[in-house]
1. Considering only the range 271-284, I want to know if a residue exists there that is under 14 Å from residue 182 (Cα atoms), touching a residue at least 60 places away in the same chain (Cβ under 8 Å) and not assigned by TED's automatic domain parsing to the domain that holds residue 129.
2. Of all residues in the range 206-224, which are in a strand (DSSP E or B) and more than 28 Å from the chain's Cα centre (by Cα)?
3. Taking residue 262 as the residue in question, decide whether it is in contact (Cβ under 8 Å) with a residue 12 or more places away in the chain, assigned to a helix (DSSP H, G or I) and surrounded by fewer than 15 Cβ atoms within 10 Å (Cβ to Cβ).
4. Please work out which residue is farthest from residue 149 (Cα to Cα), limiting yourself to the range 1-26 and to residues that are loosely packed, with under 14 Cβ neighbours inside 10 Å and modelled with pLDDT of 95 or more.
5. Check the range 238-246 and report whether any residue there is out of contact with any helix residue (DSSP H, G or I) (no Cβ under 7 Å at 6 or more places or on another chain), part of a helix (DSSP H, G or I), free of Cβ contacts under 8 Å to residues at least 40 places away in the same chain and farther than 21 Å from residue 147 by Cα.
């Protein structure tokens with residue numbers, strides 16, 4: 001497969017937003033200010049003062065030119081009808097675009113069901129998008145992979161959701177990072193597991209009581225038969241920088257837009273991953289990503 005194959009697993013890493021200057025729009029003060037987007041805890045949110053698109057804007061200024069391959073917005077309350085616009089600029093005034101100068105918007109929630117999965121007459125039969133009542137099944141995510149990696153220091157992110165019933169927008173994490181693109185896809189046998197963190201206790205009578213907790217997803221993959229001379233340094237640097245503490249956006253299959261929200265996670269590595277020299281000048285690596293809650 002050629003690089004940039006849209007069906008191959010991709011990783012956004014690192015996130016440059018926590019070290020950036022965040023301005024623009026009309027955001028709340030205090031605990032709900034833009035400072036929340038620099039907190040690793042995505043449960044803390046930044047909140048807009050309303051839903052007018054003129055106020056739901058975020059200007060991101062990096063310390064220097066950064067290479068950006070994609071955007072992820074997590075733990076948000078954007079509605080099924082919401083859209084977002086990401087633009088990159090050469091200048092601080094944001095008048096000389098290097099990416100998306102026309103301001104093209106993308107849908108926060110793409111089609112989530114194949115034709116025939118939803119019975120005729122259901123509210124979402126025509127749109128095939130999730131219902132509002134289903135959005136909490138997994139952590140809310142808005143994802144955009146750029147057609148090519150863009151080097152820019154100045155970015156603008158605009159949320160367009162003027163009919164949001166809450167009357168404000170909550171954003172838990174904005175992830176703007178470089179795109180790590182493996183040379184080919186993972187081997188067969190990969191798994192995606194939804195792990196329930198709930199606890200169960202059972203009485204002598206057999207009655208079971210549950211301490212209900214959150215659910216997290218786990219993706220386990222193995223990459224095999226990679227050219228060592230071309231790939232070792234890339235994989236070594238990725239794993240050394242990430243460790244088991246740094247978050248990354250793992251996109252299992254970018255081309256599968258129907259399942260994009262189900263199979264894309266903000267994760268850390270469960271444990272340090274060994275780079276294996278399988279045969280002469282060939283290498284492999286096994287990775288276990290666990291969703292960060």
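1. yes
2. 208, 209, 210, 211
3. No; evaluated as a whole, the condition is false for this residue.
4. Ranking the qualifying residues of the range 1-26, first place goes to 26.
5. yes
The values are calculated or read from the model by the stated rules, or taken from the named source; none is laboratory data. Just so it is clear, the structure is predicted and the values come from calculations on it, not from any experiment. We place every Cβ from the backbone using ideal geometry, glycine too, and count neighbours over all the protein chains shown.
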